[in-house]
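Asks: The structure under discussion is supplied below as C-alpha cells; questions concerning it will follow.
No value in this document is a laboratory result; all are computed from the given coordinates. Being a predicted model, the structure only gives us computed values, none of them experimental. With ideal geometry, Cβ positions are generated from the backbone for all residues, glycine too; neighbour counts draw on all protein chains shown.
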Amino acid sequence: MSAAGERKEDFKRYKDDVEREGKPFFPYAMFHDTVMSLVVVSVIIALACVWYFTADGTTPGEIGPWYSEKADPGTTNFIPRPDWYFYFLFYLLRIFKWPESVILGTVGIPTILMILLFAVPFIDRRPERRLSRRPVAVVAALLTAVSMGVLTYKGATARESLGSEALAAVDNWSTQQGGFSPEARRGAEIFAQVGCLQCHIYLGSGAANVGAPELSDAGASGQTVDYFKRYVANPSAFGNNVMPAFENLGDENLTALATFLVESKGGK
C-alpha cells in the first residue's frame, strides 16, 4: 500500500475511534481551551486593576506599589537586563561579537532551530514513538535542553561592572599601568562612572558590547590627548555612529579622560 493509502487508513481508524470512544478535538477541546484562556486573561486583568487602583505611587496597595522609586534617566549605575526567558539570547549576544556575527547568533541560529522544530512533524512521520527507538530525536532534545539551560544560567549570572564597582578598581588599574598621573587618575574615575564599561573592557572590567574595542592599551596607538578629546566628544565625526557623544562632559573632564586613555598602555 502506498504512503497516501496508509494515511487514509490511519485517518479512518482515528475517526472510528473518536465515534466509538470520545469526542473530536474540534470543537470540543478547542472550546475548553478558549474558555480557560479567557479565565486566565480575566484573572490577570482583575489583578492588574486591583494593583493599579489600590496603590498610589510608592504607597503600596493590596498587591504592591506602582514603583519603589522614580526612575532616574541620568543614572550611570543601572545596567538593563532582559527578562529571564531571554537570558539565553542575552548570552548569545556576548558570545557573537558585533557587527560581524551578532545577527548569526541572535537571529540566525534561533530562527534556524525554530524552523527545524516546526518541520519535525512533517519530516518524521514514522509511527514509532518509543524513545529507545529514536536515538537521534532524543539526543537532539537533550542537547537543546542542556544548551538552553547553560545559556540561560550564564546569562543570569553574567556581570557587568557598575560605576561603584569600577570606581573601586581604579587603584588596581593605576598599579597595572605603572601609576597614573593625577590628571589620568581623575580621568579613570570619570571613565568608571559615566558608563564606558557598559560597552568597553578595561583590564578585565566591563563588557564587550556592540563591537566596542578594549581600551586597556588605547595609549599604545600613539594618539594624542587632543585626538581622544575630539573623538570622545563627537565619535560620529570619526565615522563611529554607534558610540554616543560625550561633549556634555565639558572640556576639563574630557581632557582628564583623554589623558587617562593616553596613559593606558596595556598594563602588566
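Asks: Provide the gained length on full extension for the span VAL39 to ALA220, in nm with one decimal, where the gain is 0.36 nm per separating residue minus the Cα-Cα distance.
Replies: 58.8 nm
Asks: Okay, moving on. For ARG81 and THR58, calculate 0.36 nm times their separation in residues minus their Cα-Cα distance, and state this gained length in nm to one decimal. Mind dumping the intermediate values first?
Replies: Details: separation 23, 0.36 × 23 = 8.28 nm, distance 2.29 nm.
That pair, ARG81 and THR58, stretches by 6.0 nm at full extension.
Asks: Using 7 Å Cα-to-Cβ label points, what is the ALA4/SER101 separation (nm, one decimal)?
Replies: The modelled label-to-label distance comes out at 4.7 nm.
Asks: In what sequence do TRP66, TRP51 fall when counting other Cβ within 10 Å, fewest first?
Replies: Fewest-to-most ranking of TRP66, TRP51: TRP66, TRP51.
Asks: Number of Lys-Lys pairs in the chain under 25 Å by Cα, sequence gap 8 or more or different chains? List each step's numbers first, then the result.
Replies: Numbers: LYS8/LYS23; LYS12/LYS23; LYS15/LYS23; LYS97/LYS154; LYS97/LYS265; LYS229/LYS265.
Close lysine pairs found across the chain: 6.
Asks: Hey, fewest Cβ within 10 Å first, where do SER205, SER174, SER2, SER147 land in order?
Replies: SER2, SER147, SER174, SER205
Asks: What do the square roots of 5 times the Cα gyration tensor eigenvalues come to for the chain, in whole Å, largest first, as semi-axes of the equivalent ellipsoid?
Replies: 55, 28, 16
Asks: Rg/Rh for the stretch 1-92 to two decimals, with Rh computed the Kirkwood way over all alpha-carbon pairs.
Replies: On the way: Rg = 25.6 Å, Rh = 19.3 Å.
The Rg/Rh ratio comes out at 1.32.
Asks: What range in the chain is the longest one free of GluC sites (Glu not before Pro) that are in a loop by DSSP and have at most 15 other Cβ atoms within 10 angstrom? Don't skip to the answer; put the middle values down first.
Replies: Details: sites that count: GLU62, GLU69, GLU100, GLU128, GLU214.
Longest stretch, sites excluded: 129-213.
Asks: With a 10 Å cut-off between alpha carbons and a GNM built on the chain, which of ASP83, ASP217, ASP124 moves the most?
Replies: So, out of ASP83, ASP217, ASP124, the one fluctuating most is ASP124.
Asks: Once you place label points 7 Å from the Cα toward the Cβ at ASP171 and HIS32, how far apart are they in nm?
Replies: Going from the ASP171 label point to the HIS32 one covers 6.7 nm.
Asks: Which percent of Cα pairs goes in each bin when the distances of the stretch 217-268 are cut into 5 angstrom slices starting at zero?
Replies: P(r) for the stretch 217-268, in whole percents per bin: 5, 24, 26, 24, 17, 4, 1.
Asks: Go ahead and set up a Gaussian network model of the chain, Cα springs under 10 Å, then flag whichever of ARG129, ARG81, ARG94 fluctuates most.
Replies: Among ARG129, ARG81, ARG94, the largest mean-square fluctuation in the Gaussian network model of the chain belongs to ARG129.
Asks: Okay, moving on. Give me the distance in nm between label points sitting 7 Å out from Cα along the Cα-to-Cβ direction at VAL18 and THR144, one decimal.
Replies: 2.6
Asks: Roughly how tilted is helix 3-21, in degrees to the nearest 10 and between 0 and 90, from the longest Cα axis of the chain?
Replies: 70
Asks: Let me ask something else. Given a 10 angstrom Cα cut-off, can you work out which residue in ALA207, ALA233, ALA48 is the most mobile in a GNM of the chain?
Replies: ALA48
Asks: As a test of the formula, what do you get for the chain when each DSSP H run with n ≥ 4 contributes -39,500 (n - 2.57) and the sum is divided by the residue count, at 222 nm and rounded to the nearest 500 deg cm²/dmol?
Replies: Mean residue ellipticity at 222 nm (helix-derived): -16500 deg cm²/dmol.
Asks: Roughly how tilted is helix 30-54, in degrees to the nearest 10 and between 0 and 90, from the longest Cα axis of the chain?
Replies: 40
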